[in-house]
1. Could you list which residues have their amide H under 5 Å from that of Ala299, counting only those 5 or more apart in sequence or on another chain, with H placed in the peptide plane?
2. What is the fewest-to-most order of Ser136, Ser49 by other Cβ atoms lying within 10 Å of their Cβ?
3. With 10 angstrom as the radius, rank Phe76, Phe134, Phe239, Phe312 by how many other C-beta atoms surround their C-beta, starting from the fewest.
4. Using 0.36 nm per residue of separation minus the Cα-Cα distance, give me the extension gain between Leu65 and Asp169 in nm, one decimal.
5. From Cα pairs below 8 angstrom and at least 6 apart in sequence, can you work out the relative contact order of region 233-312, rounded to a whole percent?
6. Subtract the Cα-Cα distance of Ala73 and Ser293 from 0.36 nm times their separation in residues, and report this length gain in nm to one decimal.
7. Starting with the fewest neighbours, write out Glu172, Glu300 ranked by other beta-carbon atoms found within 10 Å of each beta-carbon.
8. How much length would be gained if the chain were fully extended between Asp106 and Arg265, taking 0.36 nm per residue of separation minus their Cα-Cα distance, in nm to one decimal?
Amino acid sequence: MCAQDATDPPETEGPFLRPGPVPSPSAPAPRTSSTPSPPSTEGRSTAMSLPPVVSLTDCADPNALARQSTRIAALFGSTPTVLPLGGPDPEGAAALTLLDLLRSTDLIGGPSRPVVVLVNIAPRDGHWPNGVPFCSFRHGNHLVVSTLNHRVLAPLATYLGLTEVQVTDVREVLEAAADDWAALTPAEIEEMVRTQFRSLWYAPLLARWLVDGHPVPARPTPVRPASAEDVRIAVVDNFGNCKLDRPASDLPGYAPAESLLVRNRRDGRDIRVRCYDRLPDVPLGEPGITVGSSGVGFAELVVRGGSAAEAFGLRQG
């Protein structure tokens, strides 16, 4: 069984900073849209019109990764980039990674090639007859097909202006496809409807059909901005820097030269850590809270020349 249908929450370390206010969306110009109309492919060959695929997934064992890569390659004609997201809090890691991934398509200064992003991260707080539904939306000319996971999608509402997604029903989509553009038998439809690995059999197929411009039935569903919660570590990078899940400016008490209390999980003590504008401003060997490279000015807990995760006994979540 794929982790996609899991509903029990994973064990996490929990917050190490108290909640700070999450800003209401400042009504950014909505580059993100739920409308799944494909970009123009006029004048390009079929092979050239198929975009590259990046997949974020919590189905991360070698067997699952091999099958997902093979199916996506068969549908899109090129090997995808598959990022396995495990650890104690894959939802938090996926939320920041998806935000970063979409922001990395900005600041190009001209036309860019479209990209397809697949997101398969099971919500830990929902119950559906056969797993969480899949939805789609667009960010500029890029297509995202994702599990309907509020925690993963909410930062896009807060920071990228996403307002709604198009939610699909597996059986409805497959039957509509069989009636119109896809050569699927009733037995094949039933197999995909009943499968526990819909991120393998259904999600890449849905993405290909949307890229091809087929009239996929879907229902618009609003996406709410993130609510105020305790500050958590979304990602620990390979240097041991702890990437937090919100801007430094939203941390309660954050200001350059000020200090915040951080819980050291190794001995249970609260340690006062100074705030800095940038990582190079942190003295060598010292801890600091800085504006990092992720999100929209999101904060990072760092140790200059060392590992904050190791020094404070911290991990994702």
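1. Result for Ala299 returns Leu244, Arg246, Ala248, Gly292.
2. Numbers: Ser136 22, Ser49 17.
Listing Ser136, Ser49 from fewest to most nearby Cβ atoms yields Ser49, Ser136.
3. Lowest count first: Phe239, Phe76, Phe312, Phe134.
4. 35.0 nm
5. Working: 174 pairs, mean separation 26.8, N = 80.
Once divided by the residue count of region 233-312, the mean separation gives 33 percent.
6. On the way: separation 220, 0.36 × 220 = 79.20 nm, distance 3.11 nm.
76.1 nm is the gain from fully extending Ala73 to Ser293.
7. Details: Glu172 14, Glu300 23.
Ascending number of Cβ neighbours within 10 Å: Glu172, Glu300.
8. Details: separation 159, 0.36 × 159 = 57.24 nm, distance 3.72 nm.
Taking 0.36 nm per residue and subtracting the Cα distance, the gain is 53.5 nm.
Laboratory data are not the source of any read-out in this text; all were calculated from the coordinates shown. Quick caveat, the model's predicted, so the values are computed rather than measured. Glycine also receives a Cβ, built like all others from the backbone with ideal geometry; neighbour counts cover every protein chain displayed.
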